[in-house]
Amino acid sequence: MKVGKRRRREAKTDYVKRIKLLKSNSPRLVFRKTNKYLIAQYIISKEAKDEIKLGGNSKELLKFGWPKEFSGSLKSISAAYLLGVLMSKKIKEKKLEKPIVDFGMIKMIHKTKTYAFLKGLKDSGLDINCDDKFCPDENRLKGEHMKNKIAFEEIKSKIITK
């Protein structure tokens with residue numbers, strides 16, 4: 001006996017949300033979390049076929065000065081914010097149109113990685129509607145709460161200037 005919507009049962013696809021996004025004919029900025037990294041992709045859909053125009057993941061932060069000894073924290077709130085800054089820069093460089101942010105099946109909980117990613121997009125100049133009261137505090141974004149602090153401002157300035 002075949003049961004429908006396998007991807008929904010596996011908590012991978014919300015079909016109602018996907019149909020609405022496809023009908024909007026707007027590009028999507030997809031944000032996903034894996035066990036090790038954070039992934040962001042700029043996707044254009046034509047006839048329900050997704051084409052990735054550009055992408056990035058938190059592993060790229062190592063190129064901008066993220067300490068190798070902290071590579072286990074590449075899915076932290078700080079990494080999510082910096083990934084948002086990086087993706088915003090890439091979108092502006094390629095002169096792509098403003099996307100709709102798609103979090104998929106990730107639950108939207110205040111002051112988490114998802115809102116840190118949105119704040120990174122917004123702070124670097126992408127026109128994203130997000131109220132700052134839902135975003136993590138500056139201390140959390142900069143990683144000041146951690147024992148081993150990263151050079152947050154230095155990494156952010158390297159992303160912006162490169």
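The values are calculated or read from the model by the stated rules, or taken from the named source; none is laboratory data. Please read these numbers as outputs of a predicted model, since none were measured by experiment. Here the Cβ is made from the backbone with ideal geometry for all residues, glycine too, and neighbour counts use every protein chain on show.
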For Trp66, work out the one condition from (1) surrounded by 16 or more Cβ atoms within 10 Å (Cβ to Cβ); (2) within 26 Å of Asp127 (Cβ to Cβ); (3) not acidic (Asp, Glu) it doesn't fulfil.
(2)
For the range 88-118 the number of residues that are closer than 24 Å to Lys23 by Cβ and touching a residue at least 12 places away in the same chain (Cβ under 8 Å) is 14
Against the conditions (1) free of Cβ contacts under 8 Å to residues at least 60 places away in the same chain; (2) under 15 Å from the mean Cα position of the chain (by Cα), where does Glu47 fall short? Just the number, please.
(2)
Scan (1) in contact (Cβ under 8 Å) with a residue 60 or more places away in the chain; (2) surrounded by 12 or more Cβ atoms within 10 Å (Cβ to Cβ); (3) farther than 14 Å from Ala80 by Cα for the single condition Phe134 breaks and write down its number.
(1)
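Taking the conditions exactly as written (more than 16 Å from the chain's Cα centre (by Cα) and buried (at least 19 other Cβ atoms within 10 Å of the Cβ)), does Gly72 satisfy them or not?
On the way: more than 16 Å from the chain's Cα centre (by Cα): yes; buried (at least 19 other Cβ atoms within 10 Å of the Cβ): no.
Considered against the rule, which asks whether it is more than 16 Å from the chain's Cα centre (by Cα) and buried (at least 19 other Cβ atoms within 10 Å of the Cβ), Gly72 comes out as no.
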Residues of the range 12-44 that turn out to be surrounded by 10 or more Cβ atoms within 10 Å (Cβ to Cβ) and modelled with pLDDT under 90, as a count:
11
Those residues of the range 16-44 which are touching a Leu at 6+ places or on another chain (Cβ under 8 Å) and either charged (D, E, K, R) or assigned to a helix (DSSP H, G or I) (or both) amount to Arg28, Arg32, Lys36
Within the range 122-151, which residues are modelled with pLDDT under 90 and among the basic types (Lys, Arg)?
Arg140, Lys142, Lys147, Lys149
Would you check which residues across the range 122-131 are surrounded by 12 or more Cβ atoms within 10 Å (Cβ to Cβ) and not β-branched (Val, Ile, Thr) and list them?
Lys122, Asp123, Ser124, Gly125, Leu126, Cys130
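For every residue, the table says whether it meets (1) buried (at least 17 other Cβ atoms within 10 Å of the Cβ); (2) among the basic types (Lys, Arg); (3) over 26 Å from Lys158 (Cβ atoms); (4) at pLDDT 90 or above.
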{"position": "Ala48", "(1), (2), (3), (4)": "no, no, yes, no"}
{"position": "Glu51", "(1), (2), (3), (4)": "no, no, yes, yes"}
{"position": "Ser88", "(1), (2), (3), (4)": "yes, no, no, yes"}
{"position": "Ile91", "(1), (2), (3), (4)": "yes, no, no, yes"}
{"position": "His110", "(1), (2), (3), (4)": "no, no, yes, yes"}
{"position": "Gly120", "(1), (2), (3), (4)": "yes, no, no, yes"}
Touching a residue at least 40 places away in the same chain (Cβ under 8 Å), in a loop (DSSP other than H, G, I, E, B) and over 30 Å from Thr161 (Cβ atoms): does that describe Lys12?
yes
